[in-house]
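**Q** I have a structure here, written as structure tokens, and I will follow up with some questions on it.
The values are calculated or read from the model by the stated rules, or taken from the named source; none is laboratory data. The shown structure was predicted, so the numbers you read here are calculated from the model rather than taken from an experiment. Heads up, the Cβs are rebuilt from the backbone with ideal geometry, glycines too, and the neighbour counts pull from every protein chain shown.
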Amino acid sequence: MRPPIGLLMPLSATNPHRLPSSVARDDEHLLVAAAKRGDTHAFEELVNRYEAKIFRLTMNITRNREDAEDAMQDAFLKSYAHLKEFQEDSRFYTWLVRIAANEALMRLRKRRPNQFSLDEPIEGEEDLVPRELEDWGPSPEQRFAQSEMHEILSQVIDKLEPDFRVVFVLRDVEELSTEETAKALGISIPAVKSRLLRARLKLREKLNRYFRQGVAN
Amino acid sequence: MNCKGVIREISDYLDGELELPVRQELERHLEHCVDCKMVVDQTRLTVDVFCDSKTVELPADVKFRLHDALHRRLQEKSN
């Protein structure tokens with residue numbers, strides 16, 4: 001049985017377009033400095049602060065609870081082991097996301113070696129043509145209870161090809177910049193942009209089946 | 001700008017990364033193209049419903065195993 005995901009929380013319709021990430025708090029650098037000096041409590045505070053977000057990330061990339069948990073654990077243990085190498089030219093959280101994304105990708109590649117490659121160039125624009133164009137009506141997401149909405153989002157992202165999903169998760173769920181996403185995945189900025197565009201369009205199309213008027217409860 | 005052009009630029013448009021003349025051209029197209037307007041609005045909503053600004057909780061068993069592994073590692077290091 002697939003475990004409940006429940007990690008993709010929808011925003012309410014009244015929320016404005018997404019705001020810059022506020023995950024990393026201002027005192028993060030103090031905790032990092034203390035942890036670098038050997039203060040284990042400071043490192044534990046960093047873990048407590050980011051564990052849920054990192055698990056959501058690894059879950060969203062791997063779509064497998066066991067792999068997600070392993071990837072999250074290894075990400076925290078590796079970040080601790082390599083903390084002294086962290087140059088603080090980016091936020092600790094961004095550095096941690098990069099490590100966790102790589103741990104998750106490694107497991108995804110192992111599980112689906114033939115289905116996942118970020119190296120293949122995307123050619124042609126045929127897949128950009130929007131299909132299933134139907135009116136969603138006002139605030140379609142509000143027609144569903146929160147639990148139903150979680151299930152819908154989970155199903156929809158599950159069906160997205162992994163190479164698109166990874167980019168979408170880093171950019172639109174974790175709110176990494178295009179440059180940070182490219183660096184984390186070891187691909188070019190145009191490749192990130194191209195995959196993000198396709199991911200967003202594909203997700204819109206998949207959501208259309210749930211959001212089009214007259215489909216809701 | 002035609003419909004294909006709009007679709008190609010949707011991501012950059014939603015992220016506010018289009019140069020002003022391109023953005024203006026795109027918006028002029030949206031004023032008279034109902035289909036493109038629908039795709040733009042629905043894509044924006046798609047990004048919004050997935051973007052999570054709320055605090056999420058780690059399942060208790062997963063949290064326990066993480067901290068257990070962490071304590072073991074910290075202990076190994078201090079010995």
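**Q** Name the single residue that is modelled with the lowest pLDDT among those in region B:32-54 being within 7 Å of chain A (Cβ to nearest Cβ) and outside any helix (DSSP H, G or I).
**A** Looking at the filtered set, the residue picked out is B:S53.
**Q** Still on this structure, please answer the following. Might you let me know whether region B:6-19 holds any residue that is of a type in the set (F, W, Y) and closer than 21 Å to A:N48 by Cα?
**A** no
**Q** Take A:E103 and decide whether it is under 20 Å from A:S177 (Cα atoms), more than 10 Å from chain B (Cβ to nearest Cβ) and surrounded by fewer than 21 Cβ atoms within 10 Å (Cβ to Cβ).
**A** no
**Q** Right, another one. More than 26 Å from A:L57 (Cα to Cα), at pLDDT below 95 and part of a helix (DSSP H, G or I): is that true of B:V6 in this structure?
**A** yes
**Q** Cβ contacts < 8 Å: first residue without any contact (Cβ under 8 Å) to a residue 24 or more places away in the chain and not assigned by TED's automatic domain parsing to the domain that holds A:L207, restricted to region A:135-148; second residue among the acidic types (D, E) and surrounded by 14 or more Cβ atoms within 10 Å (Cβ to Cβ), any location; separation 6+ or different chain. Result?
**A** Sorted first by the residue in region A:135-148, then by its partner, the list stays empty.
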